[in-house]
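Chemist: Let me give you the structure first, and then I'll get to my questions.
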Amino acid sequence: MRDHDDDDRLIGRANAVPDERKLIPWIWEGVVAEGAVTLLSAPEKVGKTTLLSLLLDRRRAGGDLLGRTVYPGKTVLCSEENKRVWDLRQPPLDFGPNLIFHAPSGDSPSRGRWKRFTDDLLTLHFRGDPFDLLVIDTAVHFLPLGERNKKTQGWALAELSMVADFPAAVLILNQSRNVQRPLAAFADIVIDLTIPRGPVVPTRRRTFTGVGRYPDTLQAVTAELNAEGTDYLLLPDSTPPDPPLLATLQALLQASPVPLTRRELLARWPDPPPRPDSLWRTLSRGLERGLFVAHGAGTRSDAFRYELASQTHPPEVQA
């Protein structure tokens with residue numbers, strides 16, 4: 001017969017095991033967390049859906065992806081692909097019974113349809129079948145990214161914030177060329193998926209780089225999809241070197257007596273200049289890593305001006 005001392009020892013042993021999810025409630029460690037929004041950005045046909053499929057497979061019973069733990073749970077998938085297409089990915093993958101397909105009707109839904117969609121999620125979460133991850137695949141298909149009315153964009157993103165506050169994690173997939181600044185600024189974690197530079201030959205290797213507001217956010221790994229398409233295998237030295245953009249940025253800022261705007265950086269760039277969105281992402285990563293400092297309000301009349309963190313100019317020079 002077990003006495004109360006035995007119960008106390010069992011409780012003490014359970015309390016002694018650190019619960020990492022209490023510190024940061026990760027769904028996928030370093031990538032997706034409850035109460036946060038993650039933006040996964042990649043060019044077309046690079047592998048966003050493949051990565052998402054592997055994540056959904058791990059969500060069935062828990063597992064590992066890119067060397068980081070994925071916790072089991074229920075996922076709501078708002079996808080531009082229908083359920084039949086997703087079923088074709090099983091086997092070799094297995095999404096299990098905890099995957100719910102739910103999306104607003106129509107492409108780029110109106111405010112009313114989007115509101116009904118988020119209201120349905122609220123009902124599902126609190127009255128029916130609680131979930132801890134919502135996936136939007138893709139943002140350009142469901143969110144008003146092309147809407148000139150910034151209030152409409154802000155309203156749609158605020159509705160997603162409400163979902164994150166359930167709490168649940170929100171994962172948004174989008175094509176790099178369609179990422180607009182409000183969407184990237186809205187996200188708590190931004191992950192870029194790219195093909196490593198090298199010879200122009202087919203490759204299953206992919207580089208994943210991230211920035212975010214949370215400690216332990218995935219920073220940079222390179223992995224190769226196995227032949228079966230069921231896992232990404234980390235490469236021995238998986239941290240890629242700093243991109244050439246970063247080195248050129250540092251050289252331009254080092255040579256300037258005053259902080260520079262993005263437009264000024266592009267004007268001084270050795271030929272050929274980078275795409276504006278690539279420059280913005282590199283500057284954002286540099287800010288996250290503490291390499292750069294930004295001044296200004298980020299408006300047309302007061303654009304952000306960047307300088308090296310190691311060379312901060314006095315206020316009178318910045319003015």
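Chemist: Divide, for the range 22-234, the radius of gyration over alpha carbons by 2.2 N^0.38 Å, where N is the residue count.
Modeler: Its radius of gyration relative to the 2.2 N^0.38 Å reference: 0.97.
Chemist: Points 7 angstrom from Cα along the Cβ direction at THR152 and GLU224: gap in nanometres?
Modeler: Here the modelled spin labels are 4.7 nm apart.
Chemist: Do the alpha carbons of any pairs in LYS48/LYS74; LYS45/LYS115; LYS45/LYS83 sit beyond 23 Å of each other, and which pairs?
Modeler: LYS45/LYS115
Chemist: So if R0 is 35 Å, what FRET efficiency would ASP271 and ARG213 give, r being the distance between their Cβ atoms, rounded to the nearest 0.05?
Modeler: Rounded to the nearest 0.05, the efficiency is 0.45.
Chemist: A further question on this structure: Could you give the nm distance between label points at ARG263 and LEU235, where each point is 7 Å from its Cα heading toward the beta carbon?
Modeler: Placing both labels 7 Å beyond Cα along the Cβ direction yields 3.9 nm.
Chemist: If I take R0 = 41 Å and measure r between the Cβ atoms of GLU80 and GLN254 in this structure, what FRET efficiency does the formula 1/(1 + (r/R0)^6) give, to the nearest 0.05?
Modeler: Once rounded, the FRET efficiency stands at 0.40.
Chemist: Also, quick follow-up: Please sort 83-92, 118-127, 183-192 by packing, taking for each peptide the average over its residues of neighbouring beta carbons within 10 angstrom, highest first.
Modeler: 183-192, 118-127, 83-92
Chemist: R0 = 45 Å: FRET efficiency of ARG127 with ARG68, Cβ-based, nearest 0.05?
Modeler: Once the sixth-power term is evaluated, E becomes 0.85.
Quick note: the coordinates plus some simple rules give every number you see, no bench work behind them. Quick caveat, the model's predicted, so the values are computed rather than measured. Cβ: placed from backbone, ideal geometry, glycine included. Neighbour counts: every protein chain shown.
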